[in-house]
Structure formats: C-alpha cells, structure tokens
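Right, one structure below, let's go through it.
The values are calculated or read from the model by the stated rules, or taken from the named source; none is laboratory data. What you see is a predicted model; the values in this text were computed from it and never measured. Note that each Cβ is placed from the backbone with ideal geometry, even for glycine, and that neighbours are counted across all protein chains shown.
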Amino acid sequence: MKWLGLVFGIVGLAGLAAAAFFFLPAGLTPVTASAAQPTGTALIARGEYLAKAADCEACHTNPGGHPFAGGRAFNLPFGTVYAPNITPDHDHGIGAWSDAEFVRALHHGVDREGDDLYPVFPYASYALLSDDDALAIRAYLATVKPVAADVPDNDLKFPFNQRYLMRAWKLLFVPGHPYQPDSSKDATWNRGAYLVEALGHCGECHTPRNVMQGLDNSKKFAGAEQVGWLAYNLTSDADHGLGGWSDAQVAQYLSTGHAEGHGPASGPMAEAIGYSLRFLTQDDIHAMVAYLRSIPPQPDGPPAVGRTTSPVAEKNPLGARLFVEACAGCHLPSGHGRQSVWAGLEGSHTTGDPKGTNLLQVLTQGTEIKTSQGLMFMHSFASAYTDEELAALANYTCAQFGQRECHITAEQVRKARAKAPAKTAQAG
Amino acid sequence: MKVLSINGQLHQVDVPDDMPLLWVLRDVLGMTGTKFGCGIAQCGACTVHLAGEPVRSCLLPVGAIDGRPVTTIEAISQTANGRKIQEAWLDKEVVQCGYCQSGQIMSATALLNQNPHPTDADIDAAMSGNICRCGTYVRIRAAIHAAASA
Amino acid sequence: MGYDKPSRRFILKASAAAGGGLLLGLHLPSLARAGAETDAAGEFMPNAFVRIDTRGGITLISPHAEVGQGIYTSSAMLIGEELEVGLNQIQIEAAPPDLKKYLDPLLGDQATGGSVSTRADWVRLREAAAVARTMLIAAAAKKWNVDPATCRAERGVIHDATGRTLGYGDVAADAAQLPVPASVKLKDPSQFKLIGTDAKRVDTPSKVNGSAIYGIDIMRPNMRFGTVAITPVKGGKLIGMDEAAARRVLGVRDVIRTDAGDAVAVIGDHMWAAKKGLEALNPKWDPGENGDVTLETIVAAMDKASQNKGVVAKNKGDAATAVKGAATQVSALYQSPFLSHSPMEPLNCTLHVQPDRAEIWLGTQVPVRAQKAVAAFTGLPQDKVTVYNQLMGGAFGRRLDIDSVEVAAAIAKHVPYPVKLVWTREEDLRHDYYRPYYYDHVAAGLDADGKVVGRTHRVTGSSIYARWAPGAFKNGLDIDAIECAAETPYEIPAEYVDYVRDEPRAMNTSWWRGVGPTHNLFVVESFIDELAYAAKQDPVEFRRGMLKNNPRALAVLNLAAEKSGWGSPLPRGTGRGVELQFAFGSYLCTVLEVSVGPSGEINLHRAVVAIDCGMTVNPDTVEAQIQGGLILGLSTAMYNEITLTGGAIDQSNFHDYRAMRINEAPKIEVYQIRNSESPGGIGETGTAAAAPALGNALFAATGQRLRHPPFARRLVSGT
Ligand code: FES
Ligand code: FES
C-alpha cells in the first residue's frame, strides 16, 4: 500500500517532468553582438551576404511572389508546410520580433510565441551560426520591402501537427551551441566547414536521414533523395562522389552552376546556386572546396558517368530521333551545349545515373537556373510526349552522354510524371 | 555600351547584358531577316552563326557573345556555302510562307560548312531543330543534297 | 459584324451545277465602269487589278493575300498570260481593303481562304489583263492608224504588221482615254505560254535572303515595341498588376490596359524590355464564369447534345431502316480534337492611331474586317483607317479573324506613337481561335455480299459560320461542318446526315486549314475503311465498287493505287492506308505507308498522292501545296490536341504543342492528272487527306482502329 503510493508518486513526477519538458514555454536568452560586429551599412551589407550564403530567399519566396514574403509550399511525406513571411511587416512578417527572438528561432527552432518550428526550416544547421552572423542577417532582413501578406496555414497529419513533439526531436538532432572551430585544421578549412555545415546547410539535402528524420551523420554527404530529386554524393569517393572532380571543377560548379566535363546543376541544386552560392566570394568558395575535400569517401548512390563507348543511336532509334527533334536545339546532337555552357550534358551525374532519377525529374518538370547571363531554363516535356517516348529519350541521353547502359521504363516515367506538381491555369 | 561584330561590321548597342541577340538584331539594329518563332530554342527560326556555329539567337544573351563575330541571313550569301544553299533553295523552290527559311538556310549552311557531303542522317541531326509549319521538309532535304553536289 | 453575303459553299454548289459557268458569268465591277481610271501621271488602270505606268511598269494589285500558298505567283501568271508579259515584268501589290473592287465572289468577302483564290481569279484576272491588252493595242493602232487586228503584243511591246513597235508605257496615257470594252475574248488554253508551266515563284528570292517583309518586320519612325497579356480564360478580367515593378524594367515606356480589362500590354524600346516588363507586371486575372471549364466538361456537354436530333443536311432513301435491316451493322463514335493554327509567325500588329486617322500594318486574310475593327475601336470613320497588308508567315486560317487587331486597337488608341505589338508564342497559342472539337456518330449497314445499303452520320460541334458569316448560317445548318459528310464521291442507296450545333464553353472556334473536309474526311474515310474490313474486302476494291459513276474519283484512286504498288506485300508492322476525296473542287487520293516501332513510335515511310484539280496554273505550286499540306496534317494527326484546365489552355509553345520535324517527314510523290476541267482548290487538300490516310495505315500496320487523334498518344505501344 505504501509503495503503491510511491509508484504513483514517481510516475507523477516523471509525468510532471515530461509535461515540463514538452510544454514549459521556451526560454529567451538575450543576445548581444561582439565588439567585432560592424555597424550601419557595413552591417547590413554583411547581413545580405550571409542571408545569401544561408539561402533564405529561395525558401521564403513563393514562385512569382515577393522576396521573403513566404508562402512557398513544402510538400512533406506527412503534410504541407508553408514558409512564413520574414519581411519586416509588423503584423504579417517578423517586424515585431526582438533580436533575441530572431536568434532563438535560428538556433532553437522556436517561433515568437515559443511554439516549436518544423525542421524543414533548417535550424539544425543554423544552430551552428554565430550570434554575430545571426544578428547581421536580422539587420539585413529588417531592410527588405515589408509585405503585408499572410501565408496559408500548415496542413499536417496527426501526430505531426503536435508541435511540442519537436522538442524530443531537437534534443536528439539540434546542436546546443554555435560552430566550434577545429584547432587541428587551418582557418580555410574551418571557414569552409562553417559555410557548408551552418550557412549552406548542405547536409540537409546531401546527408541521408534516419528513421526519425534526423541526419544520419555516419553517412555524412553520401547523398539522399529529397522531394523526388537526388542530392548527389559529395564525399571524396572517386566513382560516386566528387573524387573524380578537380578542385577547380568543384569551385566552378559551386559559383556558376556548371563544371567543364561534369554538366550543369538542375532542380533544387540549381536553385541553391542561383539564389545563394553564385554570390559567394572566391575565398569562401575555395574554403568550401577545401572542407568538402576532407569528407571521408562513401561508396553510396549512383556512380558518376560510365564508360560505354558503343554508338547508341542504332540501339535506340526512337531516343536518337527525339533527341535531335526536341533537345538538340539547346544541347546540340553532340551534347556539348549549343550556345550555353549550362546546356552541356557530357559527364553530368544526372545523365550517368542508371536509374535516371534526376533525368526524369528534369524531363517531366523542367528546371531553371539564375546565372550571370540571365535565366537559363528547360521546359517540362511531359505533356506532349508519351511515357514510352520519354523513357526512350532518357535511355538515349543516359547512354550517349552518361556513357552507361540504362533501362529506364515507361512505368518509371509515369511515376515521375505523377510526382510533378499539378498544372495550374495561368497567363502565358 | 556593347560592341557587336555583325556581318563584318561593328555595331555599338546600349542594351542589357541578358537581352537576347534576336531582339538586338531585330528591334535595335533593324535587321529583321532573323525571325522570332518560339523564344525557347524549339523552332530554329532565329538561327544565326556565332563564330561559325549555328546558335539560337532568341536565347543568346548579348552579354555572352564577348567579341565573337555574328553572321545573319542578310550576309550569308557572302559565304560560298551560303550562296550554294540559297541557290539550291531557289532551284528546288523550297519556300512557301518563308518565315522559317532564314533559320533553315542558316542551319543548312552551317551543316555544309561542317560536312560538305551530308547523308540523310546528317541532315536529320542538323536540321531537326528547325520547324517548318508549311511543311517544306521534303524540298529542304532535296535542296541540301543538291547544294552539296553543286 | 454581319457579313450577309453569299457564302462560298452556296456558290460552289451553283458553279458545280453550272459546270463552272457561274465563274465565267462573273460580273466584273471594273469592266462595268464607263471610262478607265487614270491619274495625273497618265497611268493606265483599266480595272482594279492591272496598272501600267508611262514607263511601262506593270503592277498587279492582288485581290488575294500571300500566306505562302503562292497566290502572288499564280495571279501574276494569269495576268501575264493575257497581257503577253513575263513574270519578271510584273510588280505585285496587296490590294487595299475595298469590297467593291476586291470582294472574293466565292467567299462573299475580301478574304483569302477556303482554297478558292485561283477559282475566284481564274477568269476575272485573265479578263482584266485581256482588257488592258486590247486597249493598249487599240491605242497603238490608233497612233499608227491601222486595224488593231493587224497588231500583236509581246513581252510588253506592241508590233504592227510593218514591224513598227510601241511599248506599253508609250501608249498607256492614250489607252487610259479609251472606253473599256464590255467584253473580251480570252486565249484558248492551247495558246497558253505561262499558265501550266512550273514558273518560279515571284516571292522566293526575297525570302531566301532575309529581305522579305512580314507584318512582324514592320519598322516605323519613332515606333515602340509592345507585347500583350490577354485574359487566360475567355471572359476573364484583369484584377491586379504591379505596374511600378514593370516600369522599373529598363526600357519600359508604358503599361496600357484595355478599357474592357481583358488585356494589358507593356510597351518599351524593344521586345525584350516589353517582355521583361510584362513578367514584372505579373498580371492577375479573375477567370469569371468560365473558370471551371475543362476539356472533359466540354466533351461531356457535346456527348449530351449529340443525343438530340440534328438539322438534316442530307436525306436520301430511308437510311435508318436500311441500316437496321442490314445483314451486318457497323457503328462508331469519332472525335476530332481542338487544334491550334500556330503559324510560324506569331500574331502581331503595328498600329499608329492619330486623332484624325489610323494606319495599320499586318498580315491579314481579311483586310476589310481589320479596317472595320480599327474603326470600331478608335471611333474613326472606316475610310480614315489605312490597312497595309503584308506577307504572312503562315496563317492556316488564323488570320481570317481579327481578334488580335481588336486587342491591338484597344491598346494603340491610348498611345500617340506607332506601336508594334507582338504576341509571344505562348500568348498566340493560348489565345487562338481553335479548330472546333467535333463529335461524330456514324453507322452503316452491309448486305450479305458486303455492299453498303445505307449510312447515317450525325455531326456535333461548333458552328463557325454562325459567328464568322451569320448570313451563311441558314436554318441552323452549318454547311462547313457537314462538308464531305453530306456529299461523298460514293454511290450509296440510302444516306442520312444531320448536324447538331453545340458551342463549347470558354473556347473561340474558327477556320483551320482544310476546314470542314479535314474533320469529315477523317470520319468518313476512316469509317469506309471499317466497312471494307467488316465486308472482308480490300479497301481500294471496296471503294471502287461505289464509284461506277464517278470517273474522275475512280481515276485518282486507280492512279494512286498503281503508283503506290497497292496490294504488294509489306514487312510485319508496316501498313498502307488509302483515302479518297472530292473537296475544294478537286479530286485527290492518298496512299500512305507507315510502320509502328516497338515503343509505339509512328514511322512515316512514303505517301503517294494522285490529284485531279482540273486546269492547273502552276503544277509545281500544286505539288508544293500537297507536300506541305500533307505534312501539316500528318504532324497534327500524330501529335496535336488542345486541352483546358480551369478554363485556360494547357499548351503554350512547341515543346508541348509538337510540330513534325524534317527527320519524320515521309517521301511524298504527287501525280497530277492534267485536263481542261475548271480549276479546283489545292491549298487545303493535302491537310484534309492526312488523318484518314494515317488512321487507315495504322490500322493496316497494327490492327488498331484509331477514332480519336492525336494518334501517337492513343496508339497502344508494343504492337
Ligand atoms: S525563336 Fe529561337 S528557336 Fe524559336
Ligand atoms: S515556309 Fe512557312 S514555316 Fe517554313
């Protein structure tokens, strides 16, 4: 009888502790910039550079909408999350937020009301940002055009709509402190690590996730599939990763969106380059390269281009025919790219992937990239071509430019099509 | 101010870097022989030669030209193969509405430059990017063969 | 706008009945006038079509517009023949809008279309030239005072018996003073020097060196360049735009919204500024009541309508009973998709509207309608609107409508400067006046030995005439919608054809190359093939059996069968299809050979066409028109259909509205039967032949009967 009460007591305490863990309002620690932090326009310029490095605009801007006004939908396995409005508008944006609240959001994934944010907002990476950098970004965002526009409410299934559950997740996956330099490495390497891990949040796409949707760092940068696109292996593995690339090629790719002999970026990577990476200084680009080079090899994901050299047109006349009709206008029959380096296909990982994951994404959804020469785009070819035709075209492209026998089926094309966002009526 | 070398002449133009050559030719320089058909590199009507290569001017930002010479339909007759192609076009009476033909002729000339005796397969590869809604393909093929053996 | 004029079909019927007599009986307003027109410069203009200046320069004022069909050349040949001059001596001018002078008697409008141009001009242009020649000779004879009969003309020079000569220019002024003869005698075809030859086209040289000027190439002093966004959903309205953002774009000068709010244009220093400006403008539209329309809702409505009895177009014998009582009954549903014209030259229009007048430069098949549209939108009197008609980069019927002129006028009237408005390909394709969707129920009965005892055919679809020429839309019957369905080359004892009008929501419909016949020949000729199959007969034999009293049709059928090696064995997966037609006054038969690859890809091998279009002005042009028409038709039948979502068109450019490329084009052989029958039309025959020939060939190759283009989409692969 006595110890029954004890049991109740313990359970009760545990319950209270749990309740406290899940439901106590998040604390708010004040933040102040270090003495090194610039002020005035210098601070804003620095903030703008960092906001680009952190790729804020891409996610917080709805296609065709106002910059940073949010509204862009992220369709996740468990529902849809809409990026919030982060313009300085008081009622609809973050104009009313205190600096501390802003920094807390970046570091701990908590909104102004203290509610937990979904990790589609990459605070697991931003947690590594220094207070100075977070405050500089804040200073810049305070200067962008305020937009008085609400964004749709998230639409998530139970239990994922229970925000408090995020706390347990955070406990496991969110670092509790900003980036700590590795004294055994030089400053360049450490700068690169900070750019890749914190600002660039590259791992969010390129590192596979575990059952709990946390990054599985035992497979760091081994490549993963995100919203239907394959984020390729970035490790120094020669066949599957960047081991076969020269430093110059990696640098060129990061700062322009294409690399001689390795083709153009497409899909989400093209977006990351168009909105973010192409604005980084060459010093920062080289720092990123230095850090990426040190990632231990992982033999995961599709190998880079193969070595088939047999002529493929005979084997796949339909693919060859469709390529010269619909593709050679930009890519040239040779695949060199007619007039734009972003149209050069040879050696691109996408043409070398035997599963054709990204190739089918590009064919069925199109892709575009902002460059120093304006917007480079490819339309979706889904609607006017049959599944059989697109499969033949993909296999031809794979064999001809990826130098690999591929067996992409009409069925795969049908699946890729189904993934494409629903067409909406709009002005031409 | 940008300096473009077109048909052997230098032109100074004050246009944005991302402006496609097509509109510089047509709207700024008044050279309307190069046609607008699609604006997405699907039809070939806007084909011109950039340093000898056939390119789609509708998607060629002038900022990307950096000094390379441009040749358009207006001057293609000044090249041996260009003249051959034009004569074959007249001889085989290829043209109907004619709107696509500037591009067809520029592509065909580039083909002959790279390959003096193209096979049907070569013609397919080089010419399939040029749409002709009037359907003059049968005669285009005949004219290219004729020009090659001229 | 009402166009209460005799429609081309009525007159064609009459002319067929009169063996072309009506054409000969054509009243020429120009000949009716007492004295010839002449101007201060002593120019000689005996009628609306020919002008000769005092330097001997000869100008043809072409009543028909050049869309690529070669009409400038054929018209010049007709003039040159009677004027005794060579093609290189003739200048050509597009006729200004003037219904009195340039009305097409077969279309009842100053229009170019329906493959009637040569039929309309065959006599009147030769008469016009003969009149001029007669008067010039008369003037010279008067000078020499000799009997005109002793004089002759050659290459623009008049000779008398003694060898004296005078150029046309020398006597132009005198000729202008002479009365216009009431009638003239035309050359006997046996004396033709130009007509019937493969004369070189007059417009080709300028089209191979980039100097030809199309509407889109017009340049005017102080002109600016604009591009438009039109409501994506018919009946929609502009509800928002970011004008400040548009004006921030370098080179943007104006943002102009139409008063009706159905379109907005950004105008700048060049098309690129306009295009970027329009992107920045980011117009927002309220779709209005059509926002819920999809292709599916349109077809569902059409299916429902097609259950009702229609307006009778043909009723011979008791078809229904004949079919019911037949040993074998066959019935089918055919569907023909909405189609876009998508000529290579996107829609464009250059306008300069001033307080007291307006000038418009464009390529149009209907200059008078264009003039009226500008007058209506600017409030200017019609005669204060000058139309300069230009070469067209294709039309295929698109430029028979003036919706783009109306938009251009609604915008240009708000700016003081000349503005060239160019539609992007996307705007052009999404705001076409589409070939209607047709929904056809057909049925027929065969007796024990496979003879057709009767057939019924119900056509359901939009009426173009009801909108385009209401005067021709009588008692609910659209004679275009049933052309080649009501009348076929075949002898069938009992026939019943009716028409149900059903106007699709959210869509504008109009003429598309091949008009009624393109749709009906697909249905009728495919179904005839189905019947041949049901009768276990060879498709050519089966057709022969119904052509006993139709020698011209039988002749083209036999010629095409012979030249194509009909009946000779073919490899597996390869097939031959035949189609036969009497349309536009011409008889034509096509045999198409195709194969289908393992992924269901269609390979077009060879097309053999036999044509009898009567008297031929330029055989090479006839061949070119058939080659090109066939390719456009095959391209369309394989790949094209327009669909809607939320009331807006899904397709936008050539990546999703496919066009055949050179690597898909078949070999095409054209065999022409020469005779002295009055000329038939040619420009649309090939296009109309394509779908049935292809459908029948695909059936032969795969055993799949395709009743709903586009075929590439619907062919089940792996066959
Ligand atoms: S306009 Fe450039 S390819 Fe069509
Ligand atoms: S000739 Fe008209 S599009 Fe080619």
Can you tell me which residue within segment B:69-110, out of those that are within 16 Å of ligand 1 (Cβ to nearest atom) and of a type in the set (G, A, S), is farthest from C:T204 (Cα to Cα)? B:A110
I'd like to verify a number: residues in segment B:56-82 that are of a type in the set (V, I, T) and closer than 22 Å to B:V95 by Cα, how many? 5
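Just give me the residues in segment B:36-48 being more than 9 Å from chain C (Cβ to nearest Cβ) and either free of Cβ contacts under 8 Å to residues at least 60 places away in the same chain or surrounded by fewer than 24 Cβ atoms within 10 Å (Cβ to Cβ) (or both), in sequence order.
Let us first name the residues in segment B:36-48 that are more than 9 Å from chain C (Cβ to nearest Cβ), namely B:41, B:44, B:46-48.
Answer for segment B:36-48, where residues must be more than 9 Å from chain C (Cβ to nearest Cβ) and either free of Cβ contacts under 8 Å to residues at least 60 places away in the same chain or surrounded by fewer than 24 Cβ atoms within 10 Å (Cβ to Cβ) (or both): B:C46, B:V48.
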If a residue has to be touching a residue at least 60 places away in the same chain (Cβ under 8 Å), more than 16 Å from ligand 1 (Cβ to nearest atom) and more than 7 Å from every other protein chain (Cβ to nearest Cβ) to count, how many in segment C:225-245 make the cut? 6
Residue that is nearest to the other protein chains (Cβ to nearest Cβ) [pool: residues in segment B:4-35 that are touching a residue at least 40 places away in the same chain (Cβ under 8 Å) and of a type in the set (A, V, I, L, M)]: B:M19
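Condition check ((1) within 14 Å of chain B (Cβ to nearest Cβ); (2) buried (at least 22 other Cβ atoms within 10 Å of the Cβ); (3) part of a loop (DSSP other than H, G, I, E, B)) across all residues:
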residue	(1), (2), (3)
A:A304	no, yes, yes
A:G319	yes, yes, no
A:C327	yes, yes, no
A:P333	yes, no, yes
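For residues that are in a helix (DSSP H, G or I) and buried (at least 24 other Cβ atoms within 10 Å of the Cβ), scanning just segment B:87-102, find the one that is nearest to ligand 2 (Cβ to nearest atom). It would help to see each step written out before you state the result.
First, pick out the residues of segment B:87-102 that are in a helix (DSSP H, G or I): B:87-91, B:101-102.
Now narrow it down to the ones that are buried (at least 24 other Cβ atoms within 10 Å of the Cβ): B:88-89, B:101-102.
Details: B:A88: 15, B:W89: 11, B:Q101: 6, B:S102: 10 Å.
In this case the residue turns out to be B:Q101.
Looking only at segment C:200-224, count every residue that is within 30 Å of C:A506 (Cα to Cα) and more than 16 Å from ligand 1 (Cβ to nearest atom) and tell me the total. Walk me through how you get there before you give the answer.
Residues of segment C:200-224 that are within 30 Å of C:A506 (Cα to Cα), as a first pass: C:215-216.
Within this subset, residues satisfying the condition of being more than 16 Å from ligand 1 (Cβ to nearest atom) are C:215.
Residues that pass the stated criteria total 1.
With respect to B:T71, determine if the residue is within 16 Å of ligand 2 (Cβ to nearest atom), within 14 Å of chain C (Cβ to nearest Cβ) and among the β-branched types (V, I, T). Outline the logic, then answer.
Values: within 16 Å of ligand 2 (Cβ to nearest atom): no; within 14 Å of chain C (Cβ to nearest Cβ): yes; among the β-branched types (V, I, T): yes.
So B:T71 does not fit the description; no.
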For segment B:74-97: of the residues being acidic (D, E) and farther than 20 Å from B:H11 by Cα, which is nearest to the other protein chains (Cβ to nearest Cβ)? B:E93
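Mind listing whichever residues of segment C:131-142 are more than 18 Å from C:N47 (Cβ to Cβ) and either touching a residue at least 40 places away in the same chain (Cβ under 8 Å) or in contact with a strand residue (DSSP E or B) (Cβ under 7 Å, 6 or more places away or on another chain) (or both)? Give the steps one after another, and end with the answer.
Pass one, segment C:131-142, residues more than 18 Å from C:N47 (Cβ to Cβ): C:140-142.
The one that is more than 18 Å from C:N47 (Cβ to Cβ) and either touching a residue at least 40 places away in the same chain (Cβ under 8 Å) or in contact with a strand residue (DSSP E or B) (Cβ under 7 Å, 6 or more places away or on another chain) (or both): C:A140.
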Would you kindly identify the helices (runs of 4 or more DSSP H) lying entirely within segment A:142-221 that contain at least 1 residues that are in contact with an Asp or Glu (Cβ under 8 Å, 6 or more places away or on another chain) and of a type in the set (S, T, N, Q)? A:187-193
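Quick check on C:R513: is it of a type in the set (K, R), out of contact with any helix residue (DSSP H, G or I) (no Cβ under 6 Å at 6 or more places or on another chain) and touching a residue at least 12 places away in the same chain (Cβ under 8 Å)? Show your work before the answer.
Numbers: of a type in the set (K, R): yes; out of contact with any helix residue (DSSP H, G or I) (no Cβ under 6 Å at 6 or more places or on another chain): no; touching a residue at least 12 places away in the same chain (Cβ under 8 Å): yes.
No: the conditions fail for C:R513.
Scan segment C:92-104 and give yes if some residue there is of a type in the set (A, V, I, L, M) and touching a Leu at 6+ places or on another chain (Cβ under 6 Å), otherwise no.
Start the filter on segment C:92-104 by keeping residues that are of a type in the set (A, V, I, L, M), which leaves C:92, C:94-95, C:99, C:103.
Still in the list and also touching a Leu at 6+ places or on another chain (Cβ under 6 Å): C:92.
Yes - at least one qualifying residue is present in segment C:92-104.
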Here are the criteria: (1) among the hydrophobic types (A, V, I, L, M, F, W, C); (2) at pLDDT 90 or above; (3) over 24 Å from A:M376 (Cβ atoms). Tell me which single one A:A313 does not satisfy. (2)
Those residues of segment C:646-693 that are β-branched (V, I, T) and in a loop (DSSP other than H, G, I, E, B) come to a total of 2
Of the residues in segment C:621-638, how many are touching a Gly at 6+ places or on another chain (Cβ under 8 Å) and either among the charged types (D, E, K, R) or within 16 Å of ligand 1 (Cβ to nearest atom) (or both)? 0
Run down C:R398, C:R357 and say which single residue is away from ligand 1 (no atom under 16 Å from the Cβ) and over 30 Å from C:M660 (Cβ atoms). C:R357
Pick from C:A624, C:A610: which is within 14 Å of chain B (Cβ to nearest Cβ) and crowded, with 24+ Cβ neighbours inside 10 Å? C:A624
Every residue in segment B:103-150 that is touching a His at 6+ places or on another chain (Cβ under 9 Å), within 11 Å of chain C (Cβ to nearest Cβ) and not in a helix (DSSP H, G or I), please. B:R133
Top-ranked residue in segment C:384-399 [being within 14 Å of another protein chain (Cβ to nearest Cβ) and either at positive phi or of a type in the set (V, I, T) (or both); ranked as farthest from ligand 2 (Cβ to nearest atom)]: C:G397
Residues to consider are A:P25, A:P30, A:P63; find the one that is within 21 Å of A:A272 (Cβ to Cβ) and at pLDDT below 95. A:P63
Within segment A:362-415, track down each residue that is within 11 Å of another protein chain (Cβ to nearest Cβ) and among the small types (G, A, S). A:G366, A:S372, A:G374, A:S380, A:A382, A:S383, A:A384, A:A391, A:A392, A:A410
Does segment C:196-213 contain at least one residue that is more than 14 Å from chain B (Cβ to nearest Cβ), crowded, with 17+ Cβ neighbours inside 10 Å and part of a loop (DSSP other than H, G, I, E, B)? no
All but one of (1) outside any loop (DSSP other than H, G, I, E, B); (2) within 30 Å of C:T364 (Cα to Cα) hold for C:R552; which doesn't? (2)
